[in-house]
Amino acid sequence: MDLSIIIVNYKSAGLVLDCISSVYEQTKEISFEIILVDNHSEDNCRELVLEKFPAVQWIQTGYNAGFARANNEGIKIAKGANILLLNSDTIVLDRALDKTIALFKKDDAVGCGVQLLNTDGSHQISGAHFVKGGLNFLLPLPYLGRFIRYWGYKLGSRVPSITEVKDRVEVDWIVGAFLLAKRTAIDKAGMLDDDFFMYAEEIEWCSRLRRQGKMVLYSEPKVIHIGGGTSGNFYDTKEAENSKNLWNRKGRQIMLSMFVRTRKQYGIGYFLLMLAIFIFDIPVFIFGLLIEKIFKGSHARYTWKNVGDYIKNVWCLISNAGKIISNKPQFYRV
């Protein structure tokens, strides 16, 4: 079998049906299987999917296992020579899977992604290069992040994210909405890390896959990624409330996952450095907002509630620091 497609579902039956429909409609030249892993949605998705697509293999986790653990359940039973992690909020366009496998078979890479598109057809970040220590995650910090970005550009730092894919681009990690890897590479690198609930798990996984060979993006195959289809249901957020928001519950999960990834990929030193900077930004946030309130009043970009919630999220990092440093198995879910 050419390809095993693993889709994780959490209360997104409509998106799942559209995704699977696009796979069948646009895939004609390769042999494939679809494995749907449900994170205890407790709805009628199973009946809806299997009635329309009886060949789909259904796995019920029995609890909300998140992204890494759910995909691992699919990987365990997958029979394909290649494994594709495909988000439920994606739509396959113009024979994208056929094209991807055709390109991948001729390539010496061990993993690949494609050009992801927004629903309006504009380009979306599809992969990226590593930044040492994961320090690019400092950029969303209130006020301090703008200062870091300014000096980053001044010092000639390159933008790590790849939005427009040109022909074939080698990258360090691929966005998990469409992440394809050779089974042989997974057998050597291992599956996704079960410590992660959601966010950053594909980055850490790609760091291990990258040791087995190249990771690339292809420009010709294109897939729409709606974004936030599953996480929006769980965190009750809109897609606009993205990783730049470090004060809501979703931001807390992103922060925790990124710090876990920093510890695993770069070690204790970079973890402690990142934590110190996040703590240092608390007085910066307070002082910056105070000045902005004086001069802009109600037009300030942040609120005092944002400050309070940011402090709560940083406290979550501090309270988990010992467990993260010890690197013992732990399910980091908030």
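Rundown of residues vs (1) touching a Lys or Arg at 6+ places or on another chain (Cβ under 9 Å); (2) closer than 21 Å to residue 208 by Cβ; (3) of a type in the set (S, T, N, Q); (4) modelled with pLDDT under 95, yes/no style:
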{"residue": "34", "(1), (2), (3), (4)": "no, no, no, no"}
{"residue": "55", "(1), (2), (3), (4)": "no, no, no, no"}
{"residue": "73", "(1), (2), (3), (4)": "no, yes, no, no"}
{"residue": "82", "(1), (2), (3), (4)": "yes, yes, yes, no"}
{"residue": "101", "(1), (2), (3), (4)": "no, no, no, no"}
{"residue": "109", "(1), (2), (3), (4)": "yes, yes, no, no"}
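Considering every residue within the stretch 84-95, establish whether at least one is in a loop (DSSP other than H, G, I, E, B) and basic (Lys, Arg).
yes
Among the listed residues 188, 154, 214, identify the single one that is in the same structural domain as residue 69 (by TED's automatic domain parsing) and free of Cβ contacts under 8 Å to residues at least 60 places away in the same chain.
Sole residue among the options that is in the same structural domain as residue 69 (by TED's automatic domain parsing) and free of Cβ contacts under 8 Å to residues at least 60 places away in the same chain: 188.
Within the stretch 278-292, identify whether any single residue is out of contact with any helix residue (DSSP H, G or I) (no Cβ under 7 Å at 6 or more places or on another chain) and among the aliphatic types (A, V, I, L, M), and answer yes or no.
Taking every residue of the stretch 278-292 in turn, at least one turns out to be out of contact with any helix residue (DSSP H, G or I) (no Cβ under 7 Å at 6 or more places or on another chain) and among the aliphatic types (A, V, I, L, M).
Quick check, is residue 13 of a type outside the set (Asp, Glu), touching a Leu at 6+ places or on another chain (Cβ under 7 Å) and buried (at least 23 other Cβ atoms within 10 Å of the Cβ)?
no
Scan (1) farther than 20 Å from residue 145 by Cβ; (2) in contact with a strand residue (DSSP E or B) (Cβ under 8 Å, 6 or more places away or on another chain); (3) modelled with pLDDT of 95 or more; (4) not charged (D, E, K, R) for the single condition residue 256 breaks and write down its number.
(1)
Going through the stretch 205-224 one residue at a time, which ones are within 16 Å of the chain's Cα centre (by Cα) and either surrounded by fewer than 22 Cβ atoms within 10 Å (Cβ to Cβ) or modelled with pLDDT under 95 (or both)?
Result: 207, 208.
Take the stretch 26-75 and flag every residue that is free of Cβ contacts under 8 Å to residues at least 40 places away in the same chain, part of a helix (DSSP H, G or I) and more than 20 Å from the chain's Cα centre (by Cα).
Correct list: 45, 46, 47, 48, 49, 50, 51, 52.
With the structure loaded, tell me whether residue 94 is surrounded by fewer than 24 Cβ atoms within 10 Å (Cβ to Cβ) and either touching a Lys or Arg at 6+ places or on another chain (Cβ under 7 Å) or outside the structural domain of residue 215 (by TED's automatic domain parsing) (or both) or whether it fails that test.
yes
Residue by residue, here is whether (1) modelled with pLDDT of 95 or more; (2) surrounded by 13 or more Cβ atoms within 10 Å (Cβ to Cβ) holds:
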{"site": "283", "(1), (2)": "yes, no"}
{"site": "288", "(1), (2)": "yes, yes"}
{"site": "301", "(1), (2)": "no, no"}
{"site": "307", "(1), (2)": "yes, yes"}
{"site": "316", "(1), (2)": "yes, yes"}
{"site": "322", "(1), (2)": "yes, no"}
{"site": "325", "(1), (2)": "yes, yes"}
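Just give me the residues in the stretch 119-167 being surrounded by 11 or more Cβ atoms within 10 Å (Cβ to Cβ), hydrophobic (A, V, I, L, M, F, W, C) and assigned to a loop (DSSP other than H, G, I, E, B), in sequence order.
125, 130, 131, 139, 141, 159, 165
Testing residue 17 on (1) over 27 Å from residue 188 (Cβ atoms); (2) outside any helix (DSSP H, G or I), one condition comes back false. Which one is that?
All conditions are met except number (2).
The values are calculated or read from the model by the stated rules, or taken from the named source; none is laboratory data. These figures come from a predicted structure and were not determined experimentally. Ideal geometry is used to build each Cβ from the backbone, glycine not excepted, and the neighbour counts take in all protein chains shown.
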